[in-house]
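Let me begin by presenting the structure, written as structure tokens, before commenting on it.
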Amino acid sequence: MLYNLLIDWEDQTNESGIVEPLTVNEVKNYLRLEGFIDSSDSIPSDFDDDDALIADLITSARERIEEFTGLSLIPKTLEIEFTNLAGNFEIPFGPVTTILNVKDDEGDSISTDDFDVSLNGRILKNPKYENMTMLYEAGYTDLPKGLKDAMYKEVAYRYINRGDENKEGMSREAMNLASRYKTVNWLG
């Protein structure tokens, strides 16, 4: 029987190198926490009490949108173990930017001449082996506007509704914006 299977994955991204797609100041401006007071009416103040909270909300919103869409919203280095017996294995957590190496089940490197990838880097057509590993880089360096807007909506929802349980796991507005980018959901 021919089949494809994602067996396991590991995010090997260096945590200290992560740069979120939104900054705290961008979110504060979106939430109108700073800069919206008319200076003729009162003295504007710098509001930084919630900066740490907003930074955490940015990270959690990105992670939830990544889980929902099956994409990497930031550059990452990933290693997957997979089977490609049927061919046309969809490489998870894209967009794939660089395939660093592919190894067979015995750990031997497969030459780039021996594997075939689709033009957009999403599909590994060949080789057709069991239990291969792939090390690759994926993620956006410039987040599409729709995904950036979804992040704004999700951070705003989480900021305004702190402590409230959301049974859907994500705000409807963010989900609607992110759904057009959704790929196969490898996370279940």
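The values are calculated or read from the model by the stated rules, or taken from the named source; none is laboratory data. Keep in mind it's a predicted model, so treat the numbers as computed, not measured. Reconstructed Cβ throughout: ideal geometry from the backbone, glycine too, with neighbour counts over all protein chains shown. To get the accessible areas, we keep the full protein, side chains included, count just its heavy atoms, and leave off ligands, DNA and RNA. Shrake-Rupley method; radii C 1.70, N 1.55, O 1.52, S 1.80 Å.
Filtering the range 86-120 to residues that are over 13 Å from Leu6 (Cβ atoms), of a type in the set (A, V, I, L, M, F, W, C) and surrounded by 15 or more Cβ atoms within 10 Å (Cβ to Cβ) leaves Val96, Ile99, Val102, Ile110, Phe115, Val117. Does the range 129-146 hold any residues that are modelled with pLDDT under 95 and either more than 25 Å from Thr77 (Cα to Cα) or loosely packed, with under 12 Cβ neighbours inside 10 Å (or both), and which are they? Scanning the range 129-146 gives Thr141, Asp142. Taking the range 152-167 as the search range and keeping residues that are under 13 Å from Leu53 (Cβ atoms) and among the charged types (D, E, K, R), which one is least open to solvent (accessible area, probe 1.4 Å)? Across the range 152-167, the extreme among qualifying residues is Arg158.
Among residues of the range 3-21 that are under 18 Å from Glu67 (Cα atoms), those with a Cβ under 9 angstrom from a residue that is open to solvent by 80 Å² or more (accessible area, probe 1.4 Å) and assigned to a loop (DSSP other than H, G, I, E, B), sequence gap 6+ or separate chain, pair up as Pro21/Asp142. Within the range 71-89, not a single residue is part of a loop (DSSP other than H, G, I, E, B), β-branched (Val, Ile, Thr) and at pLDDT below 95. Going by the structure shown, is Arg180 open to solvent by 30 Å² or more (accessible area, probe 1.4 Å), among the basic types (Lys, Arg) and farther than 24 Å from Gly94 by Cβ? Taking the combined requirement at face value, the residue does not satisfy it. When you scan the range 103-113, do you find a residue that is over 21 Å from the mean Cα position of the chain (by Cα), among the hydroxyl-bearing types (Ser, Thr, Tyr), part of a strand (DSSP E or B) and at pLDDT 90 or above, even just one? Yes - at least one qualifying residue is present in the range 103-113. Being acidic (Asp, Glu) and modelled with pLDDT under 95 is a description that does not apply to Asp149. The set of residues in the range 84-124 being within 24 Å of Glu66 (Cβ to Cβ) and among the polar types (S, T, N, Q) consists of Asn84, Asn88, Thr97, Thr98, Asn101, Ser118, Asn120.
Note on the range 61-85: residues that are out of contact with any helix residue (DSSP H, G or I) (no Cβ under 7 Å at 6 or more places or on another chain), open to solvent by 20 Å² or more (accessible area, probe 1.4 Å) and within 20 Å of Glu173 (Cα to Cα) total 2. Summed over the range 122-173, residues that are part of a strand (DSSP E or B) and touching a helix residue (DSSP H, G or I) at 6+ places or on another chain (Cβ under 9 Å) total 1.
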